[in-house]
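Remarks on the structure that follows.
The values are calculated or read from the model by the stated rules, or taken from the named source; none is laboratory data. Every value quoted in this text rests on a predicted model; they were computed, and no experiment measured them. Methodologically, a virtual Cβ is constructed for each residue, glycine included, from the backbone with ideal geometry; neighbour enumeration extends over all protein chains shown. What goes into the accessible areas is simple: the full protein's heavy atoms, side chains included, and nothing from ligands, DNA or RNA. Shrake-Rupley method; radii C 1.70, N 1.55, O 1.52, S 1.80 Å.
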Amino acid sequence: MSPGVLLATRRGGGQRLAECAYSAATTTFHGYIDAMNPGLVETVLGATGAQTILDATVIQSLWSGYGEIVRLRLAGGLHESVVLKHITAPEAGNHPRGWNTSLSHQRKIRSYQVEAHWYQGYANQCAEAGCHVPQCLAVSASESETVLVLTDLDAEGFHLRRDSADIEDM
């Protein structure tokens, strides 16, 4: 494995964060490696049985700066990759349209709680009915963040995306 690629690994029940040189080969980590705190690493490794997080690619940022969705490539576990939804409340600031009120914040937090509940309680029912949705491997919540570890539909063969769809595509 080349230097700068290994993000985190489990060693004898503990874990370490490797230093990562920011280069053209590791630009997918830029801005995200700081969020890979030991607790977050342990949640991912524990939920997946993986020994190592090989790399991380930010798929997209969440609405209003509330975190990111990240694909993590793994080694030594049941899954070659997983999707991590890392929800963190942004620092208080001024939104140009005034959307950073306490009510707005509570509504977003509640929405993420409902989503986590759905993945924990109902995603498996979709799979049983033959509908492919990400399966919930772990949910971890604290006052400052919520983490969802989900199976990666890309790794399960659902990697195609449409920019638009007609009724015939449905």
Legend entry - So residue 58, is it at pLDDT 50 or above, open to solvent by less than 60 Å² (accessible area, probe 1.4 Å) and among the hydrophobic types (A, V, I, L, M, F, W, C): yes
Inset, instruction - For residue 160, indicate whether it is assigned to a strand (DSSP E or B) and either in contact with a helix residue (DSSP H, G or I) (Cβ under 6 Å, 6 or more places away or on another chain) or without any contact (Cβ under 8 Å) to a residue 40 or more places away in the chain (or both). - result: no
Inset, instruction - Could you check, for segment 141-154, whether at least one of its residues is over 14 Å from residue 69 (Cβ atoms) and in a helix (DSSP H, G or I)? - result: no
Inset, instruction - Filter segment 38-90 down to the residues that are free of Cβ contacts under 8 Å to residues at least 40 places away in the same chain and of a type in the set (S, T, N, Q), then identify the one that is farthest from residue 153 (Cα to Cα). - result: 61
Inset, instruction - Taking the options 94, 100, name whichever one is loosely packed, with under 13 Cβ neighbours inside 10 Å, at pLDDT below 90 and more than 13 Å from the chain's Cα centre (by Cα). - result: 94
Inset, instruction - Quick one: which residue in 127, 141, 155 is open to solvent by 30 Å² or more (accessible area, probe 1.4 Å), at pLDDT below 90 and closer than 29 Å to residue 170 by Cα? - result: 127
